[in-house]
Amino acid sequence: MDTMRGDTIGADAPDVAAIAAAHRGSRAALIAILREVQAARGYLPEDALRAVARHTGRSLVDVYAVASFYHSFSLKPRGRHTVCACLGTACHVRGGQQVVEALSRELGVRAGETTPDGEFTLETANCLGACALGPVVVVDGRYFAKVNPGKVRRILSQARSGVAAPEAADGERALVTEAVCPECGRPLLDAARPIDGYPSLQVSAQCNGWRGRARISCVDGVLDGAPENAAALERVRLFCPHCSAGLNDLLRCGECGVPTVSVLAGDGALVQMCGCGEQRVRRAEVEGAGARREIAQLS
Amino acid sequence: MRSLSSVEDLAALRQRLAGRGERAIPTIVIPAGTCGRANGALDLVRAAKRELLARELVGRIGLRVTGCHGFCEMEPSVLVAPHGTFYPKVASEEMGRIIGAAAQDRVVTDLLFADGEGERIERQDDIPFFARQTRRLLGRNQEVDPTRIEDYLASGGYAALAAALAAGPEPVVAEVKASGLRGRGGAGFPTGAKWEMLARQPGRRGKFLVCNADEGDPGAYMDRSALEGNPHAILEGMLVGAVGTGANEGVIYVRDEYPLAIRHVSMAIRQARALGLLGERILGTDLSFDIEVVRGAGAFVCGEETALIRSIEGKVGEPRQRPPFPVQRGIDGKPTLINNVETWANIPLILEKGAAEFAAVGTQGNSGTKIFSLVGKVKRTGLVEVPMGATLGEIIHDIGGGPVGAAAVKAVQTGGPSGGCIPAARFDLPVDYDALTAAGSIMGSGGMIVMDAHTCMVDVARYFMGFLKQESCGKCFTCRKGTQRMHEILDDITRGEGSPEHLQLLEELALAVKDTTMCGLGQTAANPVLSTLRYFREEYLEHIRHGRCPAAVCKALVTYSINEACTGCGACRRACPGEAIRGASKERHVIDSARCTKCGMCVTVCQFGAVAVA
């Protein structure tokens, strides 16, 4: 019996096993594990809670207690888009409740529920800390200020087409103002080593047996630091200096045809950088998990 | 950058960074905290970069992306340093003109700030909103890019740490005590005394310092702004705390609703570690201290010390009985000191200025400045920093510019769900811990929600009770059921189903909950009810006796109608989800009250103010 149980560990929920292993011995592990499992699965299904209990050695009751106590966790499946209306005091006195009612009417669900087509989950928050802009609605990480019932329909239609659309439209040239590794979320821009006066992207590079650190200009994407003959990104493999995740994309640059490097820019846009100087914007759905998902789809 | 191995190394690096001349050239400063970003600050940043490149001004005009400066309502804004030219609500297309002018030492007059019909004001420091503040902490946000430790160092950062290391533990604690700093989280416990208690605890197994950034009070966001805008100040405050108390581990507990704060503070910790300002043997001394970020998961009660500790331990955030106090038995049973974000942010200031100069601002027993989030029905909303002891009137009228429209300001709510509402007649009250408590509210963490004639005080009380009912952890029966019952009664009153006896019952319940619960949440839960009953009893009685809501907020008691200002444009008719509005084109429309759901849609779409709610 014990062996059978042992066999099933990791086999039924390999994602949970990996997340739990990464947090072994760390403080507040249970909350952090549940958060990551929810990010991966979209919510906390029963089998995931059981797997978390097994892998952390906590009882299922404990795990369920934590999962149901904190508002951030959802035990029900969630929609593709999350619409969160703030009901903090400042938003409340400016009519936040009417905004929630309008959202509820438009979506046909109550706060805390998901539309039957799985598109939207409607949530309310006690305060999102953007009180000067109230009433505030946050859709997939994007903040909408001074919302009233009349603006609700437009916000929802924007949500359907993707709210994280950056200033530059799809395919336009862009400048990277803030870049994090799509995998581990740690920053890639280094202000201490500027190129052309701007922080450069720090990466680990590998090319024809050479290994080392290289810099990419955030202005035009030109690689600096790798050996001369490797100047074209095509022959260089790039990695995140923090987590060593590969940064080369399978997507090729439309101008010169070499593989591009993907980074997440500040507004959640996925920016594809290429050594030929072209930086193209591609829309990502949301910052974080959603963008990661989009990268996965591209590659 | 190499790791620093001595205090001299740190001083040399600071000097080198300050001497680079980056701060002498005209610099475009763009506040891009969460509120700035919500208003398009990142678009401005991109536009600025493009313009700087196109005009070949890189190196001659600097660009600094910072956290929030406080005037959130005017964002996205641009500040041109060092002159201090302030441009509110800048459109991306205007960036070229602003940069062009900055390069020639000019200003773009038509983009400057103007107060209503008033004259245009060139410099930020001359705008009343800023001029009447004492911006000791907030003022630093515009000096640093929070993602660059170099900026913090160049503006004098980590000098307080060096001073603390030179002074040694006891003088550091003595200095904090002498400053008179009191906890900015709300209760106002003397910070120095708390530090002394931790310093006296045996620390063989280690001691913890916690930064409480679980800013749960709705309507307050000072802590978010501090973490987003100047995270190194918090780290430095905690490092000074480690010197003073002998703590070796630090935790910053940030609420999950603040993703940008979490990111900036995590970046700051990594940068400080890389420079050897966190970790083992800091700057070659015996000090070893590291900080970890722990994210909350959305539970208001976790702002309470003992619940916070349990949440840090990865458990359900239920408070426990005290004593033992956290300073005796905290995280993992080790002595733990918990201070609020703003408290930590004040520490470097005390070490730099000295206790006497720090205490020169404020009043006796309430030293230093306090940041408030001035929001709600007030003309100028944002974060304001004033000396302790400033009056409510100064903050709301002089800095905030008074009411938004024609409706007069009626009250201000301070202290979040644990606080109360103070009527306009008492706006001469000085803002300090003791005066606000005496008036039936509390200082709290610094939320200040202004309410005008269109705010119903019964509805406000009902709102807070609904909040507390939801957030009560349920451990104490009287809190769990008491908040629920009070909410039901208040709900009845807002629906016109209240009776005069209800008010007596509310007062009884309020006292019972106050006296028989274990933690701060329950003990203060009655404040919103008691303070509104104390100052606005008439409004309650109006609901009960006449079934009328004077502010026209309580849905069950109001009716919607269309007055003679109607032009018959049909906007409301098309927008009405209940198809309750009828009327021919260019003729006055009518609302069918039987079908009207009172959703408010018609009010928001009407351009002529023709929909009346009464």
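How far is it, in nm, from the label point at B:Arg120 to the one at B:Gln328 when both lie 7 Å from their Cα along the line to the Cβ?
6.5
Would you work out the relative contact order for the stretch A:81-161, in percent, from Cα pairs under 8 angstrom that are 6 or more residues apart?
39
Take the cross-link list A:Lys146/B:Lys379; A:Lys76/B:Lys481; B:Lys89/B:Lys379; B:Lys481/B:Lys598; A:Lys151/B:Lys377; B:Lys377/B:Lys555 and give me the ones stretching past 23 Å between alpha-carbons.
A:Lys76/B:Lys481; B:Lys481/B:Lys598
Based on DSSP H assignment, which helices of chain B show an axial Cα extent of at least 18 Å together with a mean Kyte-Doolittle hydropathy greater than or equal to 1.6?
none
Among B:Asp9, B:Asp145, B:Asp286, what is the fewest-to-most ranking by other Cβ atoms within 10 Å?
Neighbour counts put them in this order, fewest first: B:Asp286, B:Asp9, B:Asp145.
Could you size up the charge dipole of the protein assembly as shown around its Cα centre, putting +1 on the beta carbon of Lys and Arg and -1 on that of Asp and Glu, and report it in debye to the nearest 20?
I would put it at about 880 debye.
Between rounded, prolate and oblate, where does the stretch B:300-394 land on the alpha carbon gyration tensor, with a ≥ b ≥ c its root eigenvalues, rounded for a/c under 1.5, else prolate if a/b exceeds b/c? Walk me through the intermediate numbers first.
On the way: a/c = 2.84, a/b = 1.57, b/c = 1.81.
Oblate, since a/c reaches 1.5 and b/c is not below a/b.
Once the Cβ-Cβ distance between B:Ala18 and B:Ala438 is put in as r, and R0 is 51 Å, what FRET efficiency do you end up with, to the nearest 0.05?
0.65
Using 13 Å as the cut-off for backbone N distance, which residues of the stretch B:529-548 belong to the label zone defined by a point 7 Å from the Cα of B:Ala425 along Cα→Cβ?
Under cut-off, by backbone N: B:534-539.
At a 10 Å Cβ-Cβ cut-off, how would you order B:Glu508, A:Glu106, fewest neighbours first?
On the way: B:Glu508 10, A:Glu106 18.
Final ranking by Cβ density, sparse to dense: B:Glu508, A:Glu106.
Quickly estimate the mean residue ellipticity at 222 nm for the protein assembly as shown, helices only: each DSSP H run with n ≥ 4 gives -39500 (n - 2.57), and the total goes over all residues, rounded to 500.
-10500 deg cm²/dmol
Size of the dipole of chain B about the Cα centre, Lys and Arg at +1 and Asp and Glu at -1 on the beta carbon, nothing else charged, in debye to 20?
Dipole of chain B, to the nearest 20 debye: 940 debye.
Computed over the Cα atoms of the stretch B:559-613, what is the convex hull's projected area averaged over all directions, in nm²?
On the way: hull surface 12.0 nm².
Mean shadow area of the hull around the Cα atoms is 3.0 nm².
According to a simple spin-label model (label point 7 Å from Cα along Cα-to-Cβ), what is the distance in nm between B:Ala174 and A:Arg153?
Label-label distance for A:Arg153 and B:Ala174, simple model: 7.1 nm.
Arrange B:Met74, B:Met486, B:Met197 by Cβ neighbour counts within 10 Å, fewest through most, would you?
Least to most surrounded, the residues fall as B:Met197, B:Met74, B:Met486.
Once you place label points 7 Å from the Cα toward the Cβ at B:Ile25 and B:Arg545, how far apart are they in nm?
Distance between the two pseudo-spin positions: 7.1 nm.
So what's the Cα pair-distance distribution over chain B, bin width 10 Å, in %?
Final binned percentages: 3, 15, 23, 25, 19, 10, 4, 1, 0.
Give the calculated FRET efficiency between B:Cys596 and A:Arg105 to the nearest 0.05, with a Förster radius of 22 Å applied to their Cβ-Cβ distance. Don't skip to the end; give the middle numbers.
Working: r = 14 Å, r/R0 = 0.63.
FRET efficiency, B:Cys596 to A:Arg105: 0.95.
What is the projected area of the convex hull of the Cα atoms of the protein assembly as shown, averaged over all directions, in nm²? Let's see the in-between values first.
Values: hull surface 158.9 nm².
Projected over every direction and averaged, the Cα hull of the protein assembly as shown covers 39.7 nm².
FRET efficiency for A:Ala40 and A:Arg78, Cβ-Cβ distance as r, R0 = 22 Å, nearest 0.05?
0.95
Quick note: the coordinates plus some simple rules give every number you see, no bench work behind them. Note that this is a predicted model, so its numbers are computed, not measured. In this analysis, Cβ positions are derived from the backbone assuming ideal geometry, glycine residues included, and neighbour counts consider all displayed protein chains.
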